[in-house]
Amino acid sequence: MSGEKLSDNFVTVLAPMAGYTDFAFRSICRDYGVSLTVTEMVSSKALVMGNALSRRMLYREEADKPCFCQIFGHEPSVMAESVLLPEVAKYEGVDINMGCPVRKIVGSGDGSALLENPRLASQCISAVKSKWNKPLSVKFRLGVANSDGAIDFAKMCRDSGADFVTVHFRTRKQMYGGKADFSLLPELVKTGIPVVANGDVADREQAQRLIEAGAKGVAVGRAALGRPYIFAQLKNEPFEFDAMNCIERHTRLLLKIFEERVVVNEMKKHVAAYLKGKRNGKSVVVQVMSARTLEEILTPCRIFFENGGKNGEEIK
Ligand SMILES: Cc1cc2nc3c(=O)[nH]c(=O)nc-3n(C[C@H](O)[C@H](O)[C@H](O)COP(=O)(O)O)c2cc1C
């Protein structure tokens, strides 16, 4: 295409975030042109055992496409069985979580525990691959305490049947602190498996640097919370964002499947994100946190935005 640079042509991904990237938030990011979304992580074992909550977590909107279902686990046969369930099969792809650093998950041998057991990780990938004929990806971190094994891990994913990997360029030890270190990206790209880069991506310049270093796309997590329009910004596309309209749309979406009590709890954390960085936003968030009804959430937000202009004034 004339005038289009290589660094303009990339995939944007909404990184999976437990407690956030349900169907409602994914649909909102879709409004702003995200290329690919991923569900919250769901336990393959819980799915296979028929756990109602896990199955419900996989509710989706038709328009949110393509979307990958992220599963976690460590038993190859259970993981393979889970992708045959209709709740998973309705997704365009499956992503296997091999990066979660949370103690409970690691303690059960799931998530980033698999970084320490590449043989078992490989068996999990091939087992899923044998039952799944749509795209399959693996999301992992650089390593447990350092990145020494990252290249071999990417090769293992490639050789076990993954179509691409999403790499969070932090170690498990770093949890979510410190900075993502992308120095290994060119080496990872050389393994031949397409790499989606993840960690602290918050603007177009950073995304372009990663694309120029060989990434096929960028996955954005925390920077999308409260700012779903980041996906339009990354592509330099025009967009309109009215925070109050967005809060109302988000609420309406959640009400499609949850009762008010659940929506109140869900919306508290999202409202905190939508108001983050806005002058006097904190006092509204404090009010919203003790809300018991949706009106107790929406009314202070409406008053705030009516008084503070369309989007509330940003703190400079
Ligand atoms: C609240 C929260 C929940 C997360 N849940 C998941 C998850 O379910 N699966 C996963 O692979 N990563 C999960 N992550 C990690 C993110 O996908 C991402 O790798 C990480 O936040 C780094 O990207 P960022 O700097 O753009 O946020 C979570 C992160 C956060 C902050």
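Of the residues that make up region 60-82, is at least one over 14 Å from the mean Cα position of the chain (by Cα), outside any loop (DSSP other than H, G, I, E, B), within 13 Å of the ligand (Cβ to nearest atom) and among the aliphatic types (A, V, I, L, M)? Checking region 60-82: not a single residue is over 14 Å from the mean Cα position of the chain (by Cα), outside any loop (DSSP other than H, G, I, E, B), within 13 Å of the ligand (Cβ to nearest atom) and among the aliphatic types (A, V, I, L, M). For region 139-196, a residue qualifies if it is of a type in the set (S, T, N, Q) and out of contact with any helix residue (DSSP H, G or I) (no Cβ under 7 Å at 6 or more places or on another chain), and the qualifying residues are N146, T166, T171, Q174, S183. Listed by position, the strands (runs of 3 or more DSSP E) inside region 158-270 whose residues that are in contact with a Cys (Cβ under 8 Å, 6 or more places away or on another chain) number at least 2 form an empty set. Once region 38-56 is narrowed to residues that are within 16 Å of the ligand (Cβ to nearest atom), among the aliphatic types (A, V, I, L, M) and not in a helix (DSSP H, G or I), the residue that is nearest to V220 (Cα to Cα) is V38. For L84, the conditions (1) exposed (fewer than 14 other Cβ atoms within 10 Å of the Cβ); (2) out of contact with any helix residue (DSSP H, G or I) (no Cβ under 6 Å at 6 or more places or on another chain) all hold with the exception of (2). Among the residues of region 276-316, which ones are at pLDDT 95 or above and part of a loop (DSSP other than H, G, I, E, B)? Within region 276-316, K276, S290, A291, R292, T293, L294 qualify.
If the condition is being under 19 Å from the mean Cα position of the chain (by Cα) and closer than 20 Å to R209 by Cβ, then region 147-173 contributes F164, V165, T166, V167, H168, F169, R170. With within 18 Å of the chain's Cα centre (by Cα) and among the β-branched types (V, I, T) as the only criterion, which of V144, V201, V189 stands out? Matching residue, one of V144, V201, V189: V201.
Taken together, G33, G50 contain a single residue that is under 30 Å from F239 (Cβ atoms) and either touching a Ser or Thr at 6+ places or on another chain (Cβ under 7 Å) or not polar (S, T, N, Q) (or both), which is G33. Taking every residue in region 185-198 that is within 12 Å of V138 (Cα to Cα) and pairing it with any residue that is in a helix (DSSP H, G or I) and among the basic types (K, R), at least 6 positions away or on another chain, the pairs with Cβ-Cβ distances below 7 Å are I193/R158.
Residues in region 108-129: is at least one assigned to a loop (DSSP other than H, G, I, E, B) and of a type in the set (D, E)? Let's see the steps before the verdict.
Step one: list which residues in region 108-129 are assigned to a loop (DSSP other than H, G, I, E, B), which gives 108-110, 117.
After this cut, where a residue has to be of a type in the set (D, E) as well, the list is 110.
For region 108-129, residues assigned to a loop (DSSP other than H, G, I, E, B) and of a type in the set (D, E): present.
Pick from region 199-208 the residues that are surrounded by fewer than 23 Cβ atoms within 10 Å (Cβ to Cβ) and in contact (Cβ under 8 Å) with a residue 24 or more places away in the chain: which of them is farthest from the ligand (Cβ to nearest atom)? Per the stated criteria, the residue is Q208.
Being within 21 Å of E40 (Cβ to Cβ), at pLDDT 95 or above and surrounded by fewer than 23 Cβ atoms within 10 Å (Cβ to Cβ) holds for only one residue in S108, S183, and it is S108. Against the list (1) free of Cβ contacts under 8 Å to residues at least 60 places away in the same chain; (2) under 25 Å from R204 (Cβ atoms); (3) not assigned by TED's automatic domain parsing to the domain that holds L36, the condition H270 fails is (1).
The values are calculated or read from the model by the stated rules, or taken from the named source; none is laboratory data. The structure presented is a predicted model; accordingly, all values stated were derived computationally and were not measured. Heads up, the Cβs are rebuilt from the backbone with ideal geometry, glycines too, and the neighbour counts pull from every protein chain shown.
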